[in-house]
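Beneath this line is the structure, given in structure tokens, with notes to follow.
The values are calculated or read from the model by the stated rules, or taken from the named source; none is laboratory data. Keep in mind the model is a prediction, meaning the values are calculated, not measured. A quick note on method: Cβ atoms are made from the backbone with ideal geometry, for glycine too, and the neighbour counts reach across all protein chains shown.
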């Protein structure tokens, strides 16, 4: 019998990369310390999860002694709901660096367990938070200040399509021309098709020389963002892209508990229509919104992808101690 043993025990990343990773995370903490934004820590396991059609959470069963009753608990896709409960309780400006979990395809840019930076700024709108995020990225990457383009402008420039007025049939026709006829023939959700076209034909053309914010997404893609008071067709939401990677997703946060409940219910109906399990709506979060969320903006940043850019790595496993394949 051979005495050779597997080398899968070894870290995915080099020790040098892991040391640089630690330095970057410390740099981020110092960035917020200098701005009086304090660090918080919220649970990874919660009784509720996101209703988003395009996001799948991991679920596990907790057996509670001594009754033996079981309860479904979800690994959080982000710390958003819990952090907003802290904001409603009067926390002020807060940030968190934590593990997040998404039951999605793994690949060069995604690991099912990943590190997320999320922060909230009472008194900020999404435009002010974009400026602060640009400053952070410049500190970490030594890059230029971020450019900005609206979602509508980006689609008009690279797809020759106005996403705010196009019909489902127009989007389907464009998708078929671009080679996605098999998907377009079946998909009934215009936002799913827009997301496909945006990912394939807009993202590769922006944020190459400098990071690029895309802002004012269609209202139907608002998620937890406010609808613009200037143009009801768009939500006060942004994403940040750089060198082919989506780095961040941010909102001028919705504070209306009734509207948020309606959005959750609508998303659950979408899940059912697509053969997905409906999930329980987070009552604690809605109760907190009812108590009052301060006017604020928040953003989630993929730390691992940010570190990939800082270290010039093309595979996420090269910046993780252990990727999913050898965890």
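Each residue in region 85-108 was checked for being at pLDDT 95 or above, in contact with a strand residue (DSSP E or B) (Cβ under 7 Å, 6 or more places away or on another chain) and on the phi < 0 side of the Ramachandran plot, and 11 of them qualify. The lone criterion from (1) closer than 29 Å to residue 295 by Cβ; (2) surrounded by fewer than 12 Cβ atoms within 10 Å (Cβ to Cβ); (3) in contact with a helix residue (DSSP H, G or I) (Cβ under 8 Å, 6 or more places away or on another chain) left unmet by residue 36 is number (3).
Confirm whether residue 299 is crowded, with 22+ Cβ neighbours inside 10 Å, touching a strand residue (DSSP E or B) at 6+ places or on another chain (Cβ under 8 Å) and over 30 Å from residue 312 (Cα atoms).
Judged against the criteria, residue 299 is not a match.
Candidates 224, 276, 293: the one that is touching a residue at least 60 places away in the same chain (Cβ under 8 Å), farther than 19 Å from residue 148 by Cβ and surrounded by fewer than 16 Cβ atoms within 10 Å (Cβ to Cβ) is 276. Scanning region 133-148 for residues that are surrounded by fewer than 20 Cβ atoms within 10 Å (Cβ to Cβ) and either assigned to a strand (DSSP E or B) or touching a helix residue (DSSP H, G or I) at 6+ places or on another chain (Cβ under 9 Å) (or both) returns 135, 139, 140, 141, 142, 143, 144, 145, 147, 148.
Can residue 28 be described as under 30 Å from residue 120 (Cα atoms) and modelled with pLDDT of 95 or more? The answer is yes for residue 28. Determine whether residue 258 is at pLDDT 95 or above and under 28 Å from residue 211 (Cβ atoms). Here the answer is no, as residue 258 does not meet what is asked. Scanning region 92-118 for residues that are out of contact with any helix residue (DSSP H, G or I) (no Cβ under 7 Å at 6 or more places or on another chain) and under 28 Å from residue 216 (Cβ atoms) turns up 92, 93, 100, 102, 104. Of everything in region 39-70 that is surrounded by fewer than 13 Cβ atoms within 10 Å (Cβ to Cβ) and out of contact with any strand residue (DSSP E or B) (no Cβ under 8 Å at 6 or more places or on another chain), the residue that is farthest from residue 267 (Cα to Cα) is 66. Of 114, 124, all but one fail to be assigned to a loop (DSSP other than H, G, I, E, B), touching a strand residue (DSSP E or B) at 6+ places or on another chain (Cβ under 7 Å) and either touching a residue at least 60 places away in the same chain (Cβ under 8 Å) or more than 29 Å from residue 293 (Cα to Cα) (or both); the exception is 124.
Out of the strands (runs of 3 or more DSSP E) lying entirely within region 1-105, which hold 2 or more residues that are within 20 Å of the chain's Cα centre (by Cα), touching a residue at least 24 places away in the same chain (Cβ under 8 Å) and under 30 Å from residue 276 (Cβ atoms)?
69-75, 94-101
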